[in-house]
Amino acid sequence: MPTEALRKWLRLLLLNDGEKGPSSPDMGSPSITDFLFWPNWPRVTCNKRNKLGNFRTMKTKFAALLMASVAVTGCDLMNPTVETLACATTQTECLNAWFDEKFQEELAFSPIRQTALGMKTDYDKIDDLSLAAQQEQLRWWQAATAEMEANFDYDQLEDEAKISWDMWQFRKEQAERALEYADNDYILTQMNGTHTALPSFLLSQHTVESESDMTAFIARLGGIGTAMDQLLARAQNNAEAGTRPPRFAYDAVIEESQKLISGAPFDKSDAVSALWEGSEAHLEKLVADGTITDERADELREQARTALTDTMAPAYSRVIEWFTEDRANTSDLAQGVSELPSGSDFYNYNLGVMTTTNLTADEIHDIGLNEVARIRAEMEAIKDQVGFEGTLQEFFVFTREDDQFFFSNDEAGAQAYIDRATMHIDELTKRLPEFFGTLPKAPLEVRRVEAFREQDGAAQHYRPGTPDGSRPGIYYAHLSDMSAMPIPPLEAIAYHEGNPGHHMQVSIAQELEGIPKFRSQGGFISAYGEGWALYSEALAKEMGGYQDPYSDFGRLQSEMWRAIRLVVDTGIHSKGWSEDQAVAYCLENSPNPETVARSEVRRYFVLPGQATSYKIGMIRIQELRGKAEKELGEDFDIRGFHDTVLGAGALPLSILEKRVDQWIESVKAA
């Protein structure tokens, strides 16, 4: 096993700016065993790298060779695996070309991501979701990073390329920390659990335009079964380690899994399962288009039936059986992750991942309390504006219960909700050129969540389209209970999920040119993505939204909910709050109905820390805008600021600040 001496020695080798060297007396001397068997390499932070000169380059390249020699177990220390790369142009040009090559290597790990990006490579495969696959990906990240550090000089890079370097390091560090806490993860829960996400992905993103597309679709039906067995093994492993989600998550997984394997072709009821319905629709279209014959369609139909009944359904049955048996081992009352083994450390890790800051749980809790108080005052003002006579709490009840604030609780009401959301997005989209220089090209649709994963009062969400616009971005709404979908916050949520929120941010990132694809097509960073979407809700008011005072109250209701999340998430996971205590705080400070409050609180239990990212990200973006406005004065251009924030792909907040600072200096210089 590695010793602490090596951990400290190599960390200084990579990070030290000359104040203390590896031979310092408190470091100790690393042994050869340390180099051969240390599996987790020291993290390289972004904020110190600029301080280092040529000595830093020499040290990093030496360390990179050492790292690469053991990045894959069994390699000989004296035979490092780092490839020496020739560079005939500038360091920036060579590094960008290297990034794009590595992005293709990274994509090979995920057929699902390939499909999400509009590619049809590995179209018949589902990702390997085993722990071994996660470990393999981490080894790849470590080896690739060592190769980067050994072949390129950070100090010779242009500013944008330095941000790319920093982002690559950030992604590698994320992979390391994620594996470190793999045993603490809740593998399957009610919140977009993979058991429902895989069928939803197949139905919404796997397009079928040819016979080969259909055979790939069928192969993936069977592949879902393999993936579920891998996930079940991980859930069982984590349960043995003491990590079990709350009982309500077990109940949701059982119920949703049963829905997925109910109806034709799984039983003789009159109902038709979603995946069978999707298969039939694909086959009918292929026949109608003359792509395949009726006879071939019959053959493919039987193949689909076999994949569903012989491979996928048994895997889901195993999930149902184990979750049903293990349910008795869960607590009667939901508990925060701090009650689990290494739970406090895991929660602090999640806060860092979700906010990309070093804020503590107590600091985030206090920010939330202050924001709740501020927003309550603004809510009081709107209550007075509309002439309501009564307390703010009574106004909450009024907007929570009065019929004027709800659509009818039927199919017509659900469609009315979709139509209203679409209308608001379309109207505000017309004004985007006044506030943004770069606009998204991808189309957007508002849709109802598929029946097999729809939940009363559950959070609405966005699913990106393809970079080429061939598949639209989709804003999904849970509309099974319209009494849980009040009208006042509808407008704010539409802007959050659509334009100028998630759809605009993600689409612009996917369509970016001139930056490496691992950034433009990179993974979601919650503090940035959710922070931007919440910032967009407020920006929409500047753009002319919320003409109805009740819609403006709904905007505050939405922002209040994100402030409440800071208090409740930290309350649950660091202060021992119960589910009922958290729900009571939500109802005390928001007009959201109890159905929504309880659904949301249960979300926070199974996604520790995620709920804190919205407000922390929004506040930081607002602070950066305020800084730019102050320093630039009349030279401040709102379109330039927004293009700077959105023009580099998803970024942790520290790197976003660095990019905004560079923009400010460039405007001053001009």
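The values are calculated or read from the model by the stated rules, or taken from the named source; none is laboratory data. This structure is a prediction, so every number in the text was calculated from the model and none was measured. Methodologically, a virtual Cβ is constructed for each residue, glycine included, from the backbone with ideal geometry; neighbour enumeration extends over all protein chains shown. In case anyone asks, the SASA skips ligands and DNA or RNA and just uses the protein heavy atoms, side chains included. Shrake-Rupley method; radii C 1.70, N 1.55, O 1.52, S 1.80 Å.
Tabulated data
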| item | result |
| --- | --- |
| Options Y475, Y495, Y462; residue that is touching a residue at least 40 places away in the same chain (Cβ under 8 Å), hydroxyl-bearing (S, T, Y) and part of a helix (DSSP H, G or I) | Y495 |
| Total residues in region 483-492, condition part of a helix (DSSP H, G or I), at pLDDT below 95 and crowded, with 20+ Cβ neighbours inside 10 Å | 1 |
| Set V601, V667, V583, V596: member being assigned to a helix (DSSP H, G or I), touching a residue at least 12 places away in the same chain (Cβ under 8 Å) and touching a Leu at 6+ places or on another chain (Cβ under 7 Å) | V667 |
| Test for R244: is it assigned to a helix (DSSP H, G or I), touching an Asp or Glu at 6+ places or on another chain (Cβ under 8 Å) and charged (D, E, K, R) | no |
| Some residue of region 302-316 being in contact with a Phe, Trp or Tyr (Cβ under 6 Å, 6 or more places away or on another chain) and either within 30 Å of A264 (Cα to Cα) or assigned to a helix (DSSP H, G or I) (or both) | yes |
| Hits in region 65-80 (condition: outside any helix (DSSP H, G or I) and either at pLDDT 95 or above or open to solvent by less than 20 Å² (accessible area, probe 1.4 Å) (or both)) | A71 |
| Within region 520-575, considering residues that are in a loop (DSSP other than H, G, I, E, B) and at pLDDT 95 or above, the one surrounded by the fewest Cβ atoms within 10 Å (Cβ to Cβ) | Q547 |
| Set T324, T311, T226, T243: member being surrounded by 20 or more Cβ atoms within 10 Å (Cβ to Cβ) and under 30 Å from D185 (Cα atoms) | T243 |
| Tally of residues being assigned to a helix (DSSP H, G or I), touching a residue at least 12 places away in the same chain (Cβ under 8 Å) and open to solvent by less than 60 Å² (accessible area, probe 1.4 Å) across region 275-301 | 12 |
| Residues of region 137-196 that turn out to be at pLDDT below 95 and touching a Cys at 6+ places or on another chain (Cβ under 6 Å), as a count | 0 |
| Hits in region 139-180 (condition: more than 22 Å from A650 (Cα to Cα) and over 22 Å from the mean Cα position of the chain (by Cα)) | R139, A143, A146, E147, E149, A150, N151, F152, D153, D155, Q156 |
| Test: residue in region 129-136 that is acidic (D, E) and open to solvent by less than 10 Å² (accessible area, probe 1.4 Å) | no |
| Close pairs from region 181-208: first open to solvent by 30 Å² or more (accessible area, probe 1.4 Å), partner β-branched (V, I, T) and not in a loop (DSSP other than H, G, I, E, B), Cβ under 6 Å, at least 6 apart | Y186/V606; M191/V606 |
